[in-house]
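To start, the structure itself, in structure tokens.
Coordinate-derived values only; no laboratory data. Note that the structure is predicted; figures quoted are calculated from it, not measured. Methodologically, a virtual Cβ is constructed for each residue, glycine included, from the backbone with ideal geometry; neighbour enumeration extends over all protein chains shown.
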Amino acid sequence: MRFADKRIWVLGGGSGIGLAVAQAAAREGGAVTIVARRPERLDAALAVLPDGADGHVADLADEAQTAALFARAEPFDHLVFTAGDALQVGAVGETDLAAARAAYDVRVWGALAAAKHAAPHIRPGGSVTLTTGVAGRRPMKGWAVAAGVCGAIESLARGLALELAPLRVNAVAPGLVRTPLWDPMPAQEREAVFAHVGAGLPVGRVGEADDLAKAYLYLMEGGYSTGQTVVVDGGGVLV
Ligand SMILES: NC(=O)c1ccc[n+]([C@@H]2O[C@H](COP(=O)([O-])OP(=O)(O)OC[C@H]3O[C@@H](n4cnc5c(N)ncnc54)[C@H](OP(=O)(O)O)[C@@H]3O)[C@@H](O)[C@H]2O)c1
């Protein structure tokens, strides 16, 4: 029971990596509070979490909603931020600047707002863990905006680690992970992408949300890591 007596807030805990973090923390005795954008996602997630889990609906791109969430929060131990959408990809020459700016709204500005409003409520010994992606470390052609978003999150985590010390602030950088993020892609095409990308990775498969959850739990628990980004990508940055 690594998280007995701990409360963990997971912003983005309604699905995918965030839900896996919430489930893993709950299995280890943690009390979890999840935040989702869509009420139906929140309800479905709470249905698979143990009694004692609770949740809220909020648009984390809106600082006022984030501030309202934490204004009524009891002291807690760890903040995990996994809210975000799929990467924005496309040739630089065709970039819609308004859409490119919007790509930062949840993942960067939403994460900053969450850290800003949550930090005063986090107990000593606690942590903040953000979510970036390997697009920042190993972008492909057409990924310039995505690489910028991911790089910004890594740097934000380093800056916040100093600013909010002795709270610890880190980030996790997933590679390709099988989550509902990919649901908009037709099933057959999606499975073909997973199979193709997985076969090219040193570990021979794409990631599962549970693979990622382990990294978040490590960063919450490990009292001597701060300002770091843990890459969990099946070795993708090497090939
Ligand atoms: N899966 C991958 O391959 C992969 C790879 C690298 C990085 N990442 C990043 O990892 C993070 C988690 O992704 P995932 O795969 O777990 O995706 P997911 O299953 O789609 O989960 C993302 C969650 O973020 C929530 N969200 C999005 N915008 C929000 C907003 N404005 N306010 C509140 N909640 C919001 C969504 O809530 P609702 O469902 O309620 O709308 C959703 O539950 C994302 O930032 C993603 O870009 C994922």
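Taking 29 Å as the straight-line reach from the Cα of K214, the lysines in range (excluding those fewer than 8 positions away in the same chain) are K6, K116.
Annotation: amide H-H contacts under 5 Å for E208 (H modelled 1.01 Å from N, sequence separation of 5 or more, or interchain): R178.
Run the numbers for Y224 and L238: contour at 0.36 nm per residue of separation, minus the present Cα-Cα distance, in nm. The partial results should precede the final answer.
On the way: separation 14, 0.36 × 14 = 5.04 nm, distance 2.65 nm.
So the extension gain works out to 2.4 nm.
When only C-alpha pairs under 8 Å and at least 6 residues apart count, what is the relative contact order of the chain, in percent? Before the final figure, lay out each step's value.
On the way: 483 pairs, mean separation 47.1, N = 239.
Computed over the chain, the figure is 20 percent.
Around L130, under 10 Å between beta carbons, what's the net of Lys plus Arg minus Asp minus Glu among the other residues? Around L130, the surrounding residues sum to 0. Among residues other than M220 with Cβ under 12 Å from its Cβ, the summed charge is +2 (Lys and Arg +1, Asp and Glu -1). Taking Lys and Arg as +1 and Asp and Glu as -1, the other residues whose beta-carbon sits under 15 Å from that of L160 total +2. Using a simple spin-label model with pseudo-atoms 7 Å out from Cα toward Cβ, V193 and H56 lie 3.2 nm apart. The distance linking the range 177-239 with the range 43-110 is 19 Å (Cα centroid to Cα centroid, whole angstrom). For the pair R158 and A98, label points projected 7 Å from Cα toward Cβ lie 3.4 nm apart. For T229, the amide hydrogen comes within under 5 Å of the amide hydrogens of A171, counting only partners 5 or more places away or on other chains and with H modelled in the peptide plane.
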